[in-house]
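What follows is a short report on a single structure.
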Amino acid sequence: MSSLDKAIQTQIDNIQKKTGMTLTQLSALVKKSGLSKHGEIRDMLKEKLGLGHGDANALVHAVFASDGARASQGKGEDAVLDEIYSGAKAGFRPIHEKLMKEISKFGEFEVAPKKGYVSLRRKKQFAMIGPKTNTRFEVGINAKDFKKNARLAEQPAGSMCNYIVSLTEAKEVDAELIAWIKSAFEGAS
């Protein structure tokens, strides 16, 4: 079991403790809801069970075995990246390449390609990178207490990342952004 799989299992275990329900019971709750869209189910779980966004999201993926890790399972990293950066999103590949070139200078970390983004992990995830839409690339950063900055969009508690930085071209990968990511990298050890 990879460290990513262990982290997901720990999160699911913690959700079961928080709710007092087994995964089977939680799955039954989701299926009885009659909802079919991921976002609707996630929001229902947040409302009914008081889960944070990240936990509710992880639970939906666990119930439907639809997380990015399963979606990319059995495919090589290059094949997953080719899928992420295809069609209208192909122009974002240079941003990805520039980020990875800079981040690889930090030291060892795990690269975990998902269905639509790439998770970067040490003991825990420190960043997520990938195209959010056809016109916007996002860098999610897991760090705390950054000074307010117009580029840093602070995320609600329980989100997958504490901050999001939106990019549209590779030249926006600058020393400031790399310093934020490095701070998250160092905090994830």
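Filter region 137-160 down to residues that are surrounded by fewer than 21 Cβ atoms within 10 Å (Cβ to Cβ), at pLDDT 90 or above and outside any strand (DSSP E or B), then give me how many there are.
Of region 137-160, the ones surrounded by fewer than 21 Cβ atoms within 10 Å (Cβ to Cβ) are 138, 143-160.
This time we only want the ones that are at pLDDT 90 or above, so: 138, 143, 146-155.
Add one more test, that the residue is outside any strand (DSSP E or B), and what stays is 143, 146-152, 155.
Residues in region 137-160 being surrounded by fewer than 21 Cβ atoms within 10 Å (Cβ to Cβ), at pLDDT 90 or above and outside any strand (DSSP E or B): 9 in total.
I'm trying to understand the selection: among the residues of region 29-56, which are in contact with a Gly (Cβ under 9 Å, 6 or more places away or on another chain) and part of a helix (DSSP H, G or I)? Before the answer, list the steps.
Of all residues in region 29-56, those in contact with a Gly (Cβ under 9 Å, 6 or more places away or on another chain) come to 46, 51-56.
46, 53, 54, 55, 56 - these are the residues of region 29-56 that are in contact with a Gly (Cβ under 9 Å, 6 or more places away or on another chain) and part of a helix (DSSP H, G or I).
Kindly evaluate residue 99 against the criterion of being among the hydrophobic types (A, V, I, L, M, F, W, C), at pLDDT 90 or above, assigned to a helix (DSSP H, G or I) and within 20 Å of residue 12 (Cα to Cα).
Numbers: among the hydrophobic types (A, V, I, L, M, F, W, C): yes; at pLDDT 90 or above: yes; assigned to a helix (DSSP H, G or I): yes; within 20 Å of residue 12 (Cα to Cα): no.
Answer is no for this residue.
Is region 81-93 home to any residue that is at pLDDT 90 or above, surrounded by 15 or more Cβ atoms within 10 Å (Cβ to Cβ), within 18 Å of the chain's Cα centre (by Cα) and outside any helix (DSSP H, G or I)?
Within region 81-93, one or more residues are at pLDDT 90 or above, surrounded by 15 or more Cβ atoms within 10 Å (Cβ to Cβ), within 18 Å of the chain's Cα centre (by Cα) and outside any helix (DSSP H, G or I).
Going through region 146-166 one residue at a time, which ones are within 26 Å of residue 18 (Cα to Cα) and either out of contact with any strand residue (DSSP E or B) (no Cβ under 7 Å at 6 or more places or on another chain) or not aromatic (Phe, Trp, Tyr) (or both)?
So in region 146-166, the residues within 26 Å of residue 18 (Cα to Cα) come out as 154-163.
Within region 146-166, 154, 155, 156, 157, 158, 159, 160, 161, 162 qualify.
Is it the case that residue 178 is out of contact with any strand residue (DSSP E or B) (no Cβ under 9 Å at 6 or more places or on another chain) and at pLDDT 95 or above? Explain how you work it out, then say what you get.
Details: out of contact with any strand residue (DSSP E or B) (no Cβ under 9 Å at 6 or more places or on another chain): yes; at pLDDT 95 or above: yes.
Here the answer is yes, as residue 178 does meet what is asked.
Kindly provide the set of residues from region 99-125 that are among the aromatic types (Phe, Trp, Tyr) and within 16 Å of the chain's Cα centre (by Cα), ordered by number.
If we filter region 99-125 for residues that are among the aromatic types (Phe, Trp, Tyr), which is where we start, we get 106, 109, 117.
Listed by number, the residues that qualify are 109, 117.
Residues of region 122-136 being touching a residue at least 40 places away in the same chain (Cβ under 8 Å) and either outside any loop (DSSP other than H, G, I, E, B) or of a type in the set (D, E, K, R) (or both), which ones?
Those that are touching a residue at least 40 places away in the same chain (Cβ under 8 Å) and either outside any loop (DSSP other than H, G, I, E, B) or of a type in the set (D, E, K, R) (or both): 122, 123, 124, 125, 126, 127, 130, 131.
The values are calculated or read from the model by the stated rules, or taken from the named source; none is laboratory data. Bear in mind the structure is a predicted one, so any value in this text is a computation, not a measurement. Cβ atoms come from the backbone with ideal geometry, glycine included; neighbour counts cover every protein chain shown.
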